[in-house]
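Trainee: One structure follows; several queries about it will come next.
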């Protein structure tokens, strides 16, 4: 795919005028009451799996998470935590205004430093404050390829998503949350950050066509993308053009174990972000319920 073809995906996948009632929710608008009721129906075993990564001062990036004790009183102890969610330490949900491309965020709003002084005035995480309740779908790319894990720098393409879908015996439907497994046990933070396994630009069109509500997985954009003008297609086209909700840096380890135990790749996903006015995202502890 040429850079011109990648750039053309921006117009092809653009949702800027799709939703008039709650445009700042982006693709979460695909999650209608009917979609939620369908998702509730996939719970059969009563097994709950946390997808959030542990946060500790020993194991977390100090620039992304800090924790210290504070003086309490005679009846309690107190502490303080500082979280910068956008990185590889914290499991977080991106607001649609998190990413920008050519100084525009989803909806075409112009982003300049003065505009951001007090946070996002449009497309903040507050618009997602009612949370996410939908069907989650696990797509295991290594299994579909017949390997244990993908190699560093491997690109996941549309054909991989379709093969994993076929292997799982399911069809990704409108409003689903898609979880892509590449086999990086440590998540996107594993290995060289300049050469990273991840999603190719053609997958953005597939997510758009399937009307996926949430993208998540142990990988994000493949690096390097190979396109100087579009270094992060999943963010710069998926999020900016589509309004794609991205659930970043989940822990898929236990999810995969339970999915294999119950022999099912679908589950109920529940995510509740903090209601941060002007926030570009929120730390979350997503729950997968089988």
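The values are calculated or read from the model by the stated rules, or taken from the named source; none is laboratory data. Quick caveat: nothing in here was measured; it's all calculated off a predicted structure. All Cβ positions, glycine included, derive from the backbone under ideal geometry; neighbour counts span all protein chains shown.
Trainee: I'm trying to understand the selection: among the residues of the range 177-196, which are buried (at least 18 other Cβ atoms within 10 Å of the Cβ), over 18 Å from residue 134 (Cβ atoms) and either at pLDDT 95 or above or touching a strand residue (DSSP E or B) at 6+ places or on another chain (Cβ under 7 Å) (or both)?
Mentor: Across the range 177-196, the qualifying residues are 181, 182, 188, 196.
Trainee: Go through the range 84-136 and give me each residue that's part of a helix (DSSP H, G or I), farther than 26 Å from residue 255 by Cα and under 17 Å from the mean Cα position of the chain (by Cα).
Mentor: Looking only at the range 84-136, we keep the residues that are part of a helix (DSSP H, G or I), and these are 113-116, 125-128.
Those still in the list that are farther than 26 Å from residue 255 by Cα too: 113-116, 126-127.
The answer is 126, 127.
Trainee: Name the residue, out of 204, 178, that is under 16 Å from the mean Cα position of the chain (by Cα) and in a helix (DSSP H, G or I).
Mentor: Numbers: 178 fails: in a helix (DSSP H, G or I).
After applying the criteria, what remains is 204.
Trainee: Out of 123, 129, report the one residue that is surrounded by fewer than 20 Cβ atoms within 10 Å (Cβ to Cβ), touching a residue at least 60 places away in the same chain (Cβ under 8 Å) and closer than 27 Å to residue 17 by Cβ.
Mentor: After applying the criteria, what remains is 129.
Trainee: Sticking with this structure for a sec: Identify, by number, the condition in (1) touching a strand residue (DSSP E or B) at 6+ places or on another chain (Cβ under 8 Å); (2) touching a residue at least 24 places away in the same chain (Cβ under 8 Å) that residue 15 doesn't meet.
Mentor: (1)
Trainee: When only residues in the range 148-162 that are touching a helix residue (DSSP H, G or I) at 6+ places or on another chain (Cβ under 7 Å) and part of a loop (DSSP other than H, G, I, E, B) count, which is farthest from residue 1 (Cα to Cα)?
Mentor: Applying the filter and picking the extreme gives 148.
Trainee: Can you name the residue in the range 163-174 that is in contact with a helix residue (DSSP H, G or I) (Cβ under 9 Å, 6 or more places away or on another chain) and in contact (Cβ under 8 Å) with a residue 24 or more places away in the chain and is also surrounded by the most Cβ atoms within 10 Å (Cβ to Cβ) among such residues?
Mentor: My answer is 164.
Trainee: Being at pLDDT 95 or above and either in the same structural domain as residue 135 (by TED's automatic domain parsing) or part of a loop (DSSP other than H, G, I, E, B) (or both) narrows it down to one residue among 18, 9; which is it? Show your work before the answer.
Mentor: Details: 9 fails: at pLDDT 95 or above.
Of 18, 9, the one residue that is at pLDDT 95 or above and either in the same structural domain as residue 135 (by TED's automatic domain parsing) or part of a loop (DSSP other than H, G, I, E, B) (or both) is 18.
Trainee: Hey, does the range 50-73 have a residue that's over 30 Å from residue 194 (Cβ atoms) and assigned to a loop (DSSP other than H, G, I, E, B)?
Mentor: no
Trainee: Follow-up. Does residue 244 satisfy the condition of being on the phi < 0 side of the Ramachandran plot and surrounded by fewer than 24 Cβ atoms within 10 Å (Cβ to Cβ)?
Mentor: Answer is no for this residue.
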